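S.K.: The structure is given below, and queries will be raised subsequently.
Derivation of every value follows stated rules applied to the coordinates shown; laboratory data play no part. The structure presented is a predicted model; accordingly, all values stated were derived computationally and were not measured. Glycine also receives a Cβ, built like all others from the backbone with ideal geometry; neighbour counts cover every protein chain displayed.
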Amino acid sequence: MWIVKKCLKCCKEFKIHTCIIKNSRGKYCSKECYWNSGNHPNGIGSSRWKGDNVGYVSLHDWVVRKLGKPSFCVDCGTKTAKRFEWANISGEYRRDVKDYKRLCVKCHRSFDYHLTLKGEKHPQSKLTEKNIIKIRKMYIPGKYTMEKLAKKFHVDYTTIGQIIRKRTWKHV
């Protein structure tokens, strides 16, 4: 059964079904009026508000709500890429719209590359840059094999292979 109610925010009349009212909803004519009313469980002042301690996905959702969906790349200028994303400039992931820029996926990946920890700065690194240089100089097939180097430096032989082929530690 449908009834006519008055929106608590804009005072506009709207039709609503009685089953929605039973679930203690149906006080606002639209989502916009609901969010602008200040009576919702999210946002500043809410017990669930996290401020800058928000998670990665929630922060990106917040950026899309504030800035909209990006439609071009500011680095390469393309408007024809399949997907555009908001890239965090500082790497600190704050609630600051000036800390984000529009990028296509390709530019976003190359932009984020400078933010990742590389080499011995990475917390899980077992080797140093000096070790990498030694490994590359010492490797001679038949004389000093990957297995021998792996035992000497306490890593797996596949790690030695990746270092020698420069798939890892490319910056050294």
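S.K.: Answer with a single label: of [x] 64, 30, 29; [y] 39, 38, 30; [z] 88, 37, 30, which was calculated as Cα extents along the principal axes in Å from the structure in view?
M.R.: For Cα extents along the principal axes in Å, the calculated option is [z].
S.K.: Work out from phi, with θ = phi - 60° and the Karplus expression 6.51 cos²θ - 1.76 cosθ + 1.60, the ³J(HN,Hα) of each residue of the range 73-81, listed in order in whole Hz, and give x for Gly and Pro.
M.R.: Once θ is set to phi - 60°, the couplings for the range 73-81 become 9, 6, 7, 9, x, 6, 10, 10, 5 Hz.
S.K.: First select every other residue whose beta carbon is under 12 angstrom from the beta carbon of Cys107; then total the charges, Lys and Arg +1, Asp and Glu -1.
M.R.: Values: positive: Arg83, Lys101, Arg102, Lys106, Arg109; negative: Asp75, Glu85, Asp112.
With Lys, Arg at +1 and Asp, Glu at -1, the net is +2.
S.K.: In addition: Given R₀ = 30 Å, FRET efficiency for Ile21-Leu67 by Cβ-Cβ distance, to 0.05? Walk me through the numbers before you get to the answer.
M.R.: Working: r = 36 Å, r/R0 = 1.19.
After rounding to 0.05, the efficiency reads 0.25.
S.K.: So for the range 119-164, taking the charge dipole from beta-carbon charges (+1 Lys/Arg, -1 Asp/Glu), which of Pro141, Gln124, Ile160 sits furthest toward the positive end?
M.R.: Of the listed residues, the answer is Pro141.
S.K.: Between Lys5 and Trp35, take the C-beta separation as r, use R0 = 22 Å, and let me know the FRET efficiency to the nearest 0.05. Write down the numbers at each step before the final one.
M.R.: On the way: r = 18 Å, r/R0 = 0.82.
The formula returns an efficiency of 0.75 here.
S.K.: Now for a different question. Using the C-alpha atoms of the range 59-105, what convex hull volume per residue, in cubic angstrom, is computed? Could the numbers behind the result be given before it?
M.R.: Numbers: hull volume 3.2 nm³, N = 47.
Spelled out: Cα convex hull of the range 59-105, divided by residues, is 69 Å³.
S.K.: In deg cm²/dmol, rounded to 500, what helix-only [θ] at 222 nm does the chain give when every DSSP H run of at least 4 residues adds -39500 (n - 2.57) and the total is split over its residues?
M.R.: Working: 7 runs with 59 residues, N = 172.
Calculated at 222 nm, the ellipticity per residue is -9500 deg cm²/dmol.
S.K.: If R₀ is 22 angstrom, what is the calculated FRET efficiency for the pair Arg83 and Asn53, using the beta carbon separation as r and rounding to 0.05? The partial results should precede the final answer.
M.R.: Numbers: r = 28 Å, r/R0 = 1.28.
Computed FRET efficiency for Arg83 and Asn53 comes out at 0.20.
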